[in-house]
Amino acid sequence: MSPVFRTKHTKTAAIAGSALLAGIALAGTAQAMPHDHPDYDEYCTPEQVDVTVGPLDHAMMHEGADVRFTAKPGESCLLGGAPGLNFLDVQGDSAQIPTRYPEGTPEVHRVDEAHPVSAAFSYQVTDPNTGNSIPGSVPGALEISFPGPVSPYSVTVPWNGATVPGPVTVTDLAPLPQP
């Protein structure tokens, strides 16, 4: 076999192989659309709820906060899962602090004025072996993404100035106890 034929054969095989790999890579790719999820139009938007961050009763060697979603007067909507967290530096860029989220299928909650929901997040601040503080970033703000199947909504709140070593562990939303 001449070297010219082998070159053509190799190029043809490479092109066919690339096309096959591209086809395989794209075959399983699908993006969820809002209408693919039942009740998608009932999920909360920033116009329907207030998002607040408050102190967390932290365990020894941990700190964190409580993220509360409270419906505005006359509003009722759905939320389920864990809120997304992105700590931002003072310039507004991601501080790249790793975050851990729960696995499994989250419960969906109806949020209204009388039934707020909250999720907690925490991070270790003291090394249990040495008792020393764990170094980390001092974010300027916290971007909170609404949990849910199709909610690309987020709000940004100022951060309290505390150092966040990461990783940060976030819980799923849960209803707040009623008085």
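The values are calculated or read from the model by the stated rules, or taken from the named source; none is laboratory data. Quick caveat: nothing in here was measured; it's all calculated off a predicted structure. Cβ sites come from the backbone with ideal geometry, for glycine too, and all protein chains shown count toward neighbours. Note: accessible area is taken over every heavy atom of the protein model, side chains too, but ligands, DNA and RNA are not part of it. Shrake-Rupley method; radii C 1.70, N 1.55, O 1.52, S 1.80 Å.
Just the number please: accessible area per residue for the range 46-153, 1.4 Å probe, all protein chains included, in Å².
Heavy-atom accessible area per residue stands at 54 Å².
Calculate the spin-label point distance for residue 160 paired with residue 133, positioning each point 7 Å from the Cα along the beta-carbon direction, and give it in nanometres.
According to this spin-label approximation, the distance is 1.5 nm.
Keeping all protein chains in the complex and leaving out DNA, RNA and ligands, what accessible area do you get for residue 77 with a 1.4 Å probe, in Å² to the nearest 10?
0 Å²
Apply the a/c threshold of 1.5 to the C-alpha gyration tensor of the range 49-179 and tell me whether it is rounded, prolate or oblate.
Verdict is prolate for the range 49-179.
Count charges around residue 156 for me, please; just the other residues with Cβ under 13 Å from its Cβ, Lys/Arg as +1, Asp/Glu as -1.
Once positives and negatives cancel, what remains is -3.
With every protein chain present, what accessible area does residue 118 have (1.4 Å probe, heavy atoms only), rounded to the nearest 10 Å²?
So the heavy atoms of residue 118 present about 20 Å² to solvent.
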